[in-house]
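Below you'll find the structure, written out as structure tokens, and then a few comments.
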Amino acid sequence: MSLQSIPVIWQTALLLAASNVFMTFAWYAHLKNLNDKPWWAAALVSWGIALFEYLLQVPANRIGSEEFSLAQLKILQEVITLTVFVPFVIFYMHQPLKLDYLWAGLCILGAVYFIFRSG
């Protein structure tokens, strides 16, 4: 199976999901792992992690732009961000699951509906 045989939505979503894992760690993991280090050290480590985010995110958006508008790509990104962020917060950062995550997810689901309904 070649990459071209995978539907554009799946190519885009999988690359964005992998990108978001790196993004989430770059943005937030330093709060747990580098809290005792100077901010600039955490920033340098975060930039290093973010490089891998961009190596996945840029091709994801280029592939996705073949079929989706910029607004649709952005909403897809937000859905994936929340999907990655909630498990990160619960399992990696050891913070409690909150009902607010459900409400936020429902709001994003509404955004998905409105941005994709007219194609």
What is the chain's relative contact order, in percent, from Cα pairs under 8 angstrom and six or more apart in sequence? 32
Go ahead and estimate [θ] at 222 nm for the chain from helices alone: -39,500 (n - 2.57) per DSSP H run with n ≥ 4, summed, over the residue count, rounded to 500. -23500 deg cm²/dmol
Does the range 3-116 come out rounded, prolate or oblate, given a ≥ b ≥ c as the square roots of the eigenvalues of its C-alpha gyration tensor, rounded meaning a/c under 1.5 and, failing that, prolate meaning a/b above b/c? oblate
Need the full-extension length gain, Ala104 to Ser5, defined as separation in residues times 0.36 nm minus the C-alpha distance. One decimal, nm. 32.3 nm
Compare Val79, Val21, Val45 in a GNM of the chain, Cα atoms joined below 10 Å, and give the one with the largest fluctuation. Val45
Plugging the Cβ-Cβ distance of His94 and Trp47 into 1/(1 + (r/R0)^6) at R0 = 30 Å yields, to the nearest 0.05, a FRET efficiency of 0.75
Exposed loop trypsin sites (Lys or Arg not before Pro) only (DSSP loop, at most 16 other Cβ atoms within 10 Å): please give the longest stretch of the chain free of them, not including the sites. 1-97
If you keep only loop residues by DSSP, which GluC sites (Glu not before Pro) in the range 52-119 have at most 15 other Cβ atoms within 10 Å of their Cβ? Glu66, Glu67
Return the single residue from Leu16, Leu109, Leu56 with maximal mean-square fluctuation; model: Gaussian network over the chain, springs between Cα atoms under 10 Å. Leu109
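Read the figures in this text as sums done on the coordinates, not as results from a lab. Just so we're clear, the structure is a prediction, and the values are computed from it rather than from any experiment. Don't worry about glycine lacking a Cβ; one is built from the backbone with ideal geometry, like all the others, and counts go over all protein chains shown.
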